[in-house]
Amino acid sequence: MKETEPGSSDLTPLLADADSLENQSPRGLASVSGAVFNICTTMVGAGIMSIPATVKVLGIIPGFAVMFMIAVLVDITVEFLLRCTQSGKSTTYAGLMAESFGSLGSLAVQICVMVTNLGCLIIYLIIIGDVLCGNESGGTLHLGVLQEWFGIQWWNSRAYVILFVVLFVMLPLVFLPHMNSLRHSSAISILLAVVFIAISSAMAIYAFWKGKTQNMRLLPDFANQVSIFDLFTTVPVLVTGFGFHVNIHPIRSELSRPSDMSYAVRISLAISIAIYFSIGFFGYMLFGESIMSDILVNFDQNSDSAIGQLVNNTVRLSYAMHLALVFPVINFSLRTNIDELLFAKKPVLAKDKSRFTILTCLLLALTYTIAIVIPNIWYFFQFLGSTTVVCLSFIFPGAIVLRDVHGISRRKDKVMAILVIIMAILTSMIAIATNLWTVG
């Protein structure tokens, strides 16, 4: 593990030590607003398009209640991690687990981060390819934006378009060695999410004015199509939507005052709740019971007119650009954890330019290759991701509190940790079993 030396501050930046701060984005330049943008971007990824479907299953009132409950639990577990980090010597999530559970604990975190983040990055590229180049499902060819505009050409095929996006959009961003350097691209990604919400809400309000909105249920429809077990399938979607624990330490390490991290987390959670509930409410209001698991499909089905086509293209392009800007934030913690796993005894990553460059390029090449060769990997990572995200967000922080190697956990902390772990395990088991039953 990369730990601080005895007597040194536990606030040392993840990618640079005190001797190199002058030349490499010094700690203290990272603001709370920058931290908020990066935290929000970590949370608001591809899952935003699935939120309206979860609201359809849960109903409006339980949907908001579940979102709020998960956000509260996330805030509690993040506070667990921040307090334990403050009391210990490690400046990484894996190092924090190593303090409590040794090398096996550290390895568990690193494997979960690699599965979750690599899966997300691959899915992001697949979605960007679907938006720009189209896809084929059930024998039906769905054209992408570029093919609709220019026809089917060799240069707008999936392999070439994704390669262009990787080289000219993502590569410059993933080469930034500090999380704080991504604050501007993160701000743009959140703005694009807000644009999507603005379009959806405007369409829903217009439909309401014309009397064309769909009937919305305040509560689950147990009488017809929703079972009690279906409710549990929405939890992993929302947990994934609020999971940002892998980036807590990189963001915290660059703040001038680590105590500001708690403040930034709560602001970010409030913003994310507002984003999720807005898109869930207005998306459900607009499409009703016909809402698909991916709301982009609904926009595609309502693009017969010229205005409908313009709205559809705007929504799809803003979504693709949003994912392209989320990509480097997710890639940051993936690269850090792989480096910590493979090169635990080496200097920090920012001090070894060749290692940083090689690892960054290899990860980007691997992600691109898998996205092109295996474009239907979504369901595999959906099951694994649900499990690993739950571990990173709830089970591991709860276990750290129960282990309490620093002697700082209070009785109520341990009680809450037990409840969080039990809830996480039960909901995940029921959700996975229900999904497997449905697929079978």
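The values are calculated or read from the model by the stated rules, or taken from the named source; none is laboratory data. As the structure is a prediction and not an experimental result, all values here were calculated from the model. Note that each Cβ is placed from the backbone with ideal geometry, even for glycine, and that neighbours are counted across all protein chains shown. Just so you know, the surface numbers come from the protein's heavy atoms only, side chains and all, with ligands and any DNA or RNA stripped out. Shrake-Rupley method; radii C 1.70, N 1.55, O 1.52, S 1.80 Å.
Couple of notes before you dig in:
- Residue match in region 158-175 (condition: in contact with a Cys (Cβ under 6 Å, 6 or more places away or on another chain), open to solvent by 20 Å² or more (accessible area, probe 1.4 Å) and either over 19 Å from Met43 (Cβ atoms) or not aliphatic (A, V, I, L, M) (or both)): yes
Let's see how each residue does on (1) modelled with pLDDT of 90 or more; (2) open to solvent by less than 40 Å² (accessible area, probe 1.4 Å); (3) more than 24 Å from Asp413 (Cβ to Cβ); (4) in contact with a Pro (Cβ under 8 Å, 6 or more places away or on another chain):
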site	(1), (2), (3), (4)
Asn23	no, no, yes, no
Val32	yes, yes, yes, no
Val44	no, yes, yes, no
Gly59	no, yes, yes, yes
Gly63	no, yes, yes, no
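- Positions within region 276-290 being open to solvent by less than 10 Å² (accessible area, probe 1.4 Å) and not small (Gly, Ala, Ser), in sequence order: Tyr276, Ile279, Tyr284
- Here the condition is being in a loop (DSSP other than H, G, I, E, B) and either without any contact (Cβ under 8 Å) to a residue 24 or more places away in the chain or out of contact with any Cys (no Cβ under 6 Å at 6 or more places or on another chain) (or both); of Ser318, Ser293, Ser278, Ser262, it holds for Ser293 alone.
- For Leu176, the criteria (1) modelled with pLDDT under 90; (2) not in a helix (DSSP H, G or I) hold in every case but one, which is (1).
- Of the listed requirements (1) open to solvent by less than 10 Å² (accessible area, probe 1.4 Å); (2) at pLDDT below 85; (3) within 19 Å of the chain's Cα centre (by Cα); (4) small (Gly, Ala, Ser), Ala16 misses just one: (3).
- Within region 339-358, being among the aliphatic types (A, V, I, L, M) and open to solvent by less than 20 Å² (accessible area, probe 1.4 Å) holds for Leu349, Ala350.
- Extreme residue, nearest to Gly47 (Cα to Cα), among residues of region 84-126 that are open to solvent by less than 20 Å² (accessible area, probe 1.4 Å) and assigned to a loop (DSSP other than H, G, I, E, B): Thr92
- Ile188 being open to solvent by 70 Å² or more (accessible area, probe 1.4 Å) and under 24 Å from Leu255 (Cβ atoms): yes
- Selection status of Phe196, surrounded by 20 or more Cβ atoms within 10 Å (Cβ to Cβ) and in a helix (DSSP H, G or I): yes
- When Ser293 is tested against (1) buried (at least 18 other Cβ atoms within 10 Å of the Cβ); (2) within 21 Å of Phe64 (Cβ to Cβ), only condition (1) is not met.
- Residue within region 69-80 that is farther than 16 Å from Val401 by Cα, open to solvent by less than 10 Å² (accessible area, probe 1.4 Å) and of a type outside the set (S, T, N, Q) present: yes
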